[in-house]
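Below: the structure, in structure tokens.
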Amino acid sequence: MKIIELDKIDSTNEFCKRNNVGSYIVIAKTQTVGRGTKGRSFSSEEGGLYLSVLRKPHKLESVNAFSIMTNACTAVCKTVEYFNLKPVIRWANDVLVNGKKICGTLIENTFSGSFVSSSIVGIGLNVNNRLPDGLKQIATTLSCETGKEISLSEVKKVLISNLNKKFSLQEYKSYIDWFGKEVIVRTADGENTAFAVDVDTDGRLTCIIGGSLKKISSAEVSLIL
Ligand code: BTN
């Protein structure tokens, strides 16, 4: 796949939206308006890996769109493992190491009829970048976790190679070590303690809240460590 490398951009996801032609990967050394999920910003200082993959999936039904997310997260986990660290997925698409977020994913799909016509997978992986003071308690970097400076070009190479692979839902779930445990689930209906059971074949989080089995499509999960 074609790779576009930029020094500075507002956001690699926005770049893909403005240049929504074909398939490619765009990587930026830094982003001025890095975006996270739920309208949040994403700190994107130099030293991290910020990239978006634009694809035109062939006959991917909208009902299976979650596989884009599970594939991307698994690719990130395999990359983190390459550096001898133990990644954990915080459903749906954050990757943590030692309880702190090392990577966030922002997936923006466009649908046409019952198919995904275009998908943008934006990945922000903390590598050697400095973290703002406000994030140090909850976020980490490959460099902090390994105790050494990491070659950004090596991370790039490994991640891109993993993003070109196909992973199963089973592999995605193998990075969840909190099934059978209590988590905090925040949805539009409020905050609940839940007993995490599974991620189903539609990518929904299955959990028990107040004695009943729920399948949740969108929520923020906090792991109780
Ligand atoms: C999150 O943690 O909420 C998602 C963060 C996604 C960040 C990546 S960095 C590359 C791409 N461009 C963006 O503006 N966001 C994504």
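If only the Cβ of Lys and Arg carry +1 and only the Cβ of Asp and Glu carry -1, the dipole of the range 1-82 around its Cα centre is close to 320 debye. Mind listing the long-range amide H neighbours of T206? Cut-off is under 5 Å, sequence gap 5 or more, other chains count too, H placed in the peptide plane at 1.01 Å from N. Close amide H contacts, sequence-distant or interchain: V197, D198, V199, D200, I216. Residue ranges 91-104, 31-44 sort as 91-104, 31-44 when ordered by packing (mean number of other C-beta atoms within 10 Å per residue, highest first). In whole Å, how far is the Cα centre of the range 53-96 from that of the range 188-225? Cα centres, the range 53-96 to the range 188-225: 19 Å. If the segment from V21 to I209 were pulled out straight at 0.36 nm per residue, it would be longer than the present Cα-Cα gap by 63.3 nm.
Across the cross-link table entries K86/K215; K38/K215; K86/K173, which are compared at the Cα atoms, the separations over 22 Å belong to K86/K215. Run the helix sum for the chain: -39,500 (n - 2.57) per DSSP H stretch of 4+ residues, divided by residue count, reported at 222 nm to the nearest 500 deg cm²/dmol. About -6000 deg cm²/dmol. Peptides 131-140, 172-181, 45-54, ordered by how many other C-beta atoms sit within 10 Å of their residues on average, highest first, read 45-54, 172-181, 131-140. Note on D177 and S62: with the Förster distance fixed at 25 Å, the Cβ-Cβ geometry gives a FRET efficiency of about 0.25. Summarising the strand pairing of the chain, around 85 percent of its internal DSSP beta bridges are antiparallel. Around A196, under 9 Å between beta carbons, what's the net of Lys plus Arg minus Asp minus Glu among the other residues? Neighbourhood net charge equals -1.
Just the number, please: carbon plus sulfur as a percent of the accessible area of the range 1-144, 1.4 Å probe, no ligands or DNA/RNA counted. Result for the range 1-144: 51 percent of the exposed heavy-atom area is carbon or sulfur. Local charge for K214 was computed over the other residues whose Cβ lies under 12 Å away, with Lys and Arg +1 and Asp and Glu -1, and equals -1. Charge dipole (Cα centre; +1 on Lys/Arg Cβ, -1 on Asp/Glu Cβ; no other charges) of the range 89-225 amounts to roughly 280 debye. Taking θ as phi - 60° and the Karplus parameters 6.51, -1.76 and 1.60, the scalar couplings of the range 135-144 work out to 9, 4, 6, 10, 10, 8, 10, 4, 5, 4 Hz in sequence order, x denoting glycine and proline.
Residue pairs exceeding 21 angstrom between C-alpha atoms, taken from K78/K148; K78/K156; K136/K156; K56/K166; K2/K56: K136/K156. Across the range 98-104, rounded Karplus estimates of 3J(HN,Hα) from the backbone phi angles (6.51 cos²θ - 1.76 cosθ + 1.60, θ = phi - 60°) give 6, x, 10, 6, 10, 8, x Hz, Gly and Pro being marked x. Summing Lys and Arg as +1 and Asp and Glu as -1 over all other residues whose Cβ lies under 11 Å from the Cβ of E45 gives a net charge of +1. Site pair N192 and E45 shows an inter-label distance of 3.9 nm when each label is modelled 7 Å from Cα along Cα→Cβ. Under a 5 Å amide H cut-off, with hydrogens placed 1.01 Å from N, V127 pairs with G48, L49, L142 among residues at least 5 apart or on other chains.
The values are calculated or read from the model by the stated rules, or taken from the named source; none is laboratory data. What you are looking at is a predicted structure, and each value in this text was computed from that prediction instead of being measured. Every residue, glycine as well, gets a Cβ built from its backbone with ideal geometry; the counts of neighbours run over all protein chains shown. The protein model used for the area step is the full one, side chains on, heavy atoms only, and it has no ligands, DNA or RNA in it. Shrake-Rupley method; radii C 1.70, N 1.55, O 1.52, S 1.80 Å.
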